[in-house]
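What follows is a single structure, written as structure tokens, with notes after it.
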Amino acid sequence: MVLLTFNIINIEAEAKKGSQINDEDRLKITEDNTKAVLRILDVHDIKASFFVEVSLTGKLQNLIKAISSKGHEIAFYNKNSDLAEIENAKKNIQELLEKQVRGIRQKDVKVSLGNLKLMGFNYVSNIDNANILFPFKRLKRDTEISEEDGLSIVPESISPYSQLPYNDFVFQILPMKYYQNMVLETLQNEEFVLIYLNSWQFTDFRKYRFDIPFYRSLFSGKKMEDKLDALLTFINEKDLAVSRMKDYVF
């Protein structure tokens, strides 16, 4: 099973000297990038899970409704929000969509599982940092879903042969043919492969002059769209099963 997920987060990088990019611009970039992803998913009739950063949920309600109306899952990405902020966002989005928000993803700041369970979450999908060196370290990690404090814990996927994780940077930097082979090899050994990408990776950095490392701008923007399109074409050609996170976990 392929679990395709997207983190909807604003780019944090500062603008290059001589350029100005305000908070409104950053939000518009996130919206436009997400809409590009939605168009590609529509073409291939594939459903995914979108982890929306908690502080953005009140600002992106129209986008969130559009994502949900197309049959995709809405979940949360906790960047640095406290319990009250998460609980309030969950209440508001559930009222907006008339659906339960089942999942949450965390990276640097992690709310306790007990508190997440009390708020009504059913699964947690935590991720690690992805810099230029991290993706190429040899990793050993449990790749099976476990249960803790009444929550399903969904780990990051790792290729059993290359030992590369399926994080945002690996997708962006690897040749697509190699990545496709990695997916097939993983599914021969594991029950699922969890793929996640960030909305900001689809930014045109020639148009928006953010001060980001060179390796992070490689194959971004339209090239990321093309890579996503190639991956989804491959998934359909190989007749690989794809699921939203909440459906697979339960």
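Are any of the residues in the range 194-206 under 12 Å from residue 2 (Cβ atoms), among the β-branched types (Val, Ile, Thr) and in a helix (DSSP H, G or I)? Within the range 194-206, none of the residues are under 12 Å from residue 2 (Cβ atoms), among the β-branched types (Val, Ile, Thr) and in a helix (DSSP H, G or I).
Table: residues versus (1) of a type in the set (A, V, I, L, M, F, W, C); (2) out of contact with any helix residue (DSSP H, G or I) (no Cβ under 8 Å at 6 or more places or on another chain); (3) closer than 21 Å to residue 50 by Cα; (4) modelled with pLDDT under 95.
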{"site": "168", "(1), (2), (3), (4)": "no, no, yes, yes"}
{"site": "197", "(1), (2), (3), (4)": "yes, no, yes, no"}
{"site": "208", "(1), (2), (3), (4)": "no, no, no, yes"}
{"site": "236", "(1), (2), (3), (4)": "no, no, yes, no"}
{"site": "239", "(1), (2), (3), (4)": "no, yes, no, no"}
{"site": "242", "(1), (2), (3), (4)": "yes, no, yes, no"}
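When we screen 152, 159 for residues that are closer than 20 Å to residue 107 by Cα and in contact (Cβ under 8 Å) with a residue 24 or more places away in the chain, the only hit is 152. Applying the selection to the range 1-10, what residues are among the aliphatic types (A, V, I, L, M) and either surrounded by 21 or more Cβ atoms within 10 Å (Cβ to Cβ) or in contact with a Leu (Cβ under 7 Å, 6 or more places away or on another chain) (or both)? Those that are among the aliphatic types (A, V, I, L, M) and either surrounded by 21 or more Cβ atoms within 10 Å (Cβ to Cβ) or in contact with a Leu (Cβ under 7 Å, 6 or more places away or on another chain) (or both): 2, 3, 4, 8.
Residue check: residue 190 meets all listed conditions (1) within 20 Å of residue 242 (Cα to Cα); (2) within 19 Å of the chain's Cα centre (by Cα); (3) at pLDDT below 95 but one, namely (2).
Every listed requirement among (1) under 21 Å from residue 246 (Cβ atoms); (2) more than 18 Å from the chain's Cα centre (by Cα); (3) of a type outside the set (Phe, Trp, Tyr); (4) surrounded by 17 or more Cβ atoms within 10 Å (Cβ to Cβ) is met by residue 156 save one, (2). For residue 81, state whether it is surrounded by 14 or more Cβ atoms within 10 Å (Cβ to Cβ) and among the hydroxyl-bearing types (Ser, Thr, Tyr). So residue 81 fits the description; yes. Residues in the range 43-70 that are more than 27 Å from residue 238 (Cα to Cα), under 15 Å from the mean Cα position of the chain (by Cα) and aliphatic (A, V, I, L, M) were compared, and the one that is surrounded by the most Cβ atoms within 10 Å (Cβ to Cβ) is 52. Inclusion of residue 39 among residues that are surrounded by fewer than 14 Cβ atoms within 10 Å (Cβ to Cβ), of a type in the set (Lys, Arg) and not in a loop (DSSP other than H, G, I, E, B) is warranted.
When the range 223-250 is limited to residues that are assigned to a helix (DSSP H, G or I) and in contact with a Gly (Cβ under 9 Å, 6 or more places away or on another chain), the one that is nearest to residue 33 (Cα to Cα) turns out to be 245.
The values are calculated or read from the model by the stated rules, or taken from the named source; none is laboratory data. None of these values were measured; they are calculated from a predicted model. In this analysis, Cβ positions are derived from the backbone assuming ideal geometry, glycine residues included, and neighbour counts consider all displayed protein chains.
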